[in-house]
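None of the figures in this text is laboratory data; all of them are computed from the coordinates on show. None of these values were measured; they are calculated from a predicted model. Here the Cβ is made from the backbone with ideal geometry for all residues, glycine too, and neighbour counts use every protein chain on show.
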Amino acid sequence: MTLKTTKWDVIEHLDSDEAIVHYIEAALEEGDSGLIAAALGDVARARGMTETAKIAGVTREALYRSLNETGDPRLSTVVGVLKAFGITLSAKPTQAAE
């Protein structure tokens, strides 16, 4: 008997505001800009790329280009996308090394 598998897609699990916030927080904690851009892109796909682009004030095509692992979105794009998700960007001090 052959085992059938399907491709796992994170957007199937980004079905609540809480899940989205935790997902973006985890990406931000890693501190990798490519990972952050890709996570924002995942959430934009889950929420609807066209609607996210409209609220963020950019074109859908520009959003696709910026929000992937090799993308380098402008800060204004990141802030606009987070606003579209109902999330604010904030800062907190890093923990001092012991």
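Taken over region 7-40, residues that are among the hydroxyl-bearing types (S, T, Y) and over 21 Å from E51 (Cα atoms) amount to 1. Which of the residues belonging to region 19-75 are closer than 16 Å to I87 by Cβ and among the β-branched types (V, I, T)? Listed by number, the residues that qualify are I20, V21, I24, I36, V43, T52, I55.
If the condition is being surrounded by fewer than 10 Cβ atoms within 10 Å (Cβ to Cβ) and in contact with a helix residue (DSSP H, G or I) (Cβ under 6 Å, 6 or more places away or on another chain), then region 1-30 contributes no residue at all.
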